[in-house]
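The values are calculated or read from the model by the stated rules, or taken from the named source; none is laboratory data. Note that this is a predicted model, so its numbers are computed, not measured. Glycine gets a Cβ as well: all are built from the backbone with ideal geometry, and neighbour counts include every protein chain shown. Keep in mind that these areas ignore ligands, DNA and RNA; they rest on the heavy atoms of the full protein, side chains included. Shrake-Rupley method; radii C 1.70, N 1.55, O 1.52, S 1.80 Å.
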Amino acid sequence: MDAVDGNAIGGLLHELFGTEMTTSISVCGACGSARQVGELAVYAHAPGTVVRCRSCDGVLMVFVKIGDRTCVDLLGLASLG
Amino acid sequence: MAGTALRGRLTWQVAQVLAVAVETASVRTIMLDVPNWPGHQAGQHVDIRLTDEDNYVAERSYSIASAPGEPVALTVERLDDGEVSPYLTDELRAGDELELRGPIGGYFVWEPNDGGPLLLLAGGSGIVPLRSILRHRERTGSTVPVRLLYSSRTLDDVIYRSELDKPAVGVEVVHTLTRHQPPGWSGYARRVDAALLAEVAWPASTMPLAYVCGPTSFVEAASQALVQSGYPPQRVKTERFGGTGGT
């Protein structure tokens, strides 16, 4: 499945974090690559939304919507902000 | 739920369709009246939400086609197996309501003081946010030089054709038609790759700023070729919309 850019989840991230996030810097917990969220690889057609590092393909973030709730997993990130 | 858009928050609201314009056989531009629209930047998008009678919800993102200061317009290509786009292109009429939130995104945006020269690479409906950038440049009186390379399947698939046939001063528009060319066609007739970019793109030595938008395969090929030709990766902004699209 083709990946799109982090820009595509700008709305979801804004909803969750309360602010524009696509220009925030994410640091990959596996390889240390620092990139703007808008550049990350987003797989939106999985059962959830999976965000991967464009350098090492490591999973950075996972979002799963269940009804009105969104489960957020940011364990792949070293930092975000 | 619809609500007043508070500063800093992103809330769903109801927009009204002012008009729907035919761009090509499968593409429509939807002009919207969005109450309390906070204004947008060139290159941003909105999320559209459709809810059916069983409360099944489908959300999609669409780039804003209009310039900052103009009413919100979305240009939508119908995907035959799509859940959302066939409704937007075939069913929506003036006076209908549409649920949206936005504007969204700060990554794939351009402001005149970002400078250039600008290289805009569009695959199919990837032209939409780049059209917003072109209109914004013209409306702000920017003199930043622009080259647009636009890949379409056929001439009839070219979106905003009449507008692009009369580009503003300082804007060069180059078409490539990948599937069928009309008799006497003098433009390019091949896919965007390193060889084509070597002919069309600004040399890396001029410190250009590139925006690449289209199907994933188009964006991958074009952006990798630019970086290999010496464009710094941070000067190549990409917006992939997945699928194979009309390039």
Over the protein assembly as shown, with the other protein chains present, what is the accessible area per residue in square angstrom, probe 1.4 angstrom? 45 Å²
Selected from B:Ala58, B:Thr24, B:Ser85, residue furthest toward positive end of dipole (segment B:13-104; charges at beta carbon): B:Thr24
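Using +1 on the beta carbon of Lys and Arg, -1 on that of Asp and Glu, and nothing else charged, what's the dipole of chain A about the Cα centre, debye to 20? Kindly include the intermediate steps, with their values, before the conclusion.
Numbers: 5 positive and 8 negative charges, 28 e Å.
Here the size comes out at about 140 debye.
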Partnerless cysteines (no other Cys beta carbon under 4.7 Å) identified across the protein assembly as shown are A:Cys71, B:Cys213
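Using Cα pairs under 8 angstrom and six or more residues apart, how large is the relative contact order of segment B:112-241, in percent? List each step's numbers first, then the result.
On the way: 232 pairs, mean separation 37.3, N = 130.
Computed over segment B:112-241, the figure is 29 percent.
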Can you tell me the Rg and the Dmax, both Å, for the Cα atoms in chain B? 17.9, 57
The B/A contact buries a total accessible area, at probe radius 1.4 Å and rounded to the nearest 100 Å², of 1500 Å²
So the angle from the long Cα axis of helix B:127-139 to the longest Cα principal axis of chain B, reported in degrees to the nearest 10, equals 80 degrees
Treating only Lys and Arg (+1) and Asp and Glu (-1) as charged, each at its beta carbon, one finds that chain B has a dipole about its Cα centre, in Debye to the nearest 20, of 920 debye
Mind checking the angle between helix B:216-228 and chain B's longest principal axis? C-alpha axes, 0 to 90 degrees, to the nearest 10. 40 degrees
Could you tell me which chymotrypsin sites (Phe, Trp or Tyr not before Pro) in segment B:1-110 are loop residues by DSSP with no more than 15 other beta carbons within 10 angstrom of their beta carbon? B:Tyr56
Calculated SAXS-style log₁₀ I(q)/I(0) at q = 0.10, 0.26 Å⁻¹ - segment B:13-104, Debye, Cα scatterers: -0.23, -1.59
Rounded to two decimals, the Debye log10 I(q)/I(0) of the protein assembly as shown (Cα scatterers, no solvent) at q = 0.07, 0.10, 0.11, 0.15 Å⁻¹ is -0.27, -0.56, -0.69, -1.33
Spelling out what I want: for every residue of segment B:89-98, take phi, set θ = phi - 60°, compute 6.51 cos²θ - 1.76 cosθ + 1.60 (Karplus), and round to whole Hz; glycine and proline get x. 8, 10, 9, 5, 10, 3, x, 5, 10, 9
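Quick one: grab the alpha carbon gyration tensor of segment B:112-241, order the square roots of its eigenvalues as a ≥ b ≥ c, and give me rounded if a/c is under 1.5, else prolate or oblate depending on whether a/b is larger than b/c. Let's see the in-between values first.
Values: a/c = 1.59, a/b = 1.14, b/c = 1.40.
Oblate shape, in that a/c is at least 1.5 and b/c is the bigger or equal ratio.
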For the protein assembly as shown, with only Lys/Arg (+1) and Asp/Glu (-1) charged at the beta-carbon, what is the dipole magnitude about the Cα centre, in debye rounded to 20? 960 debye
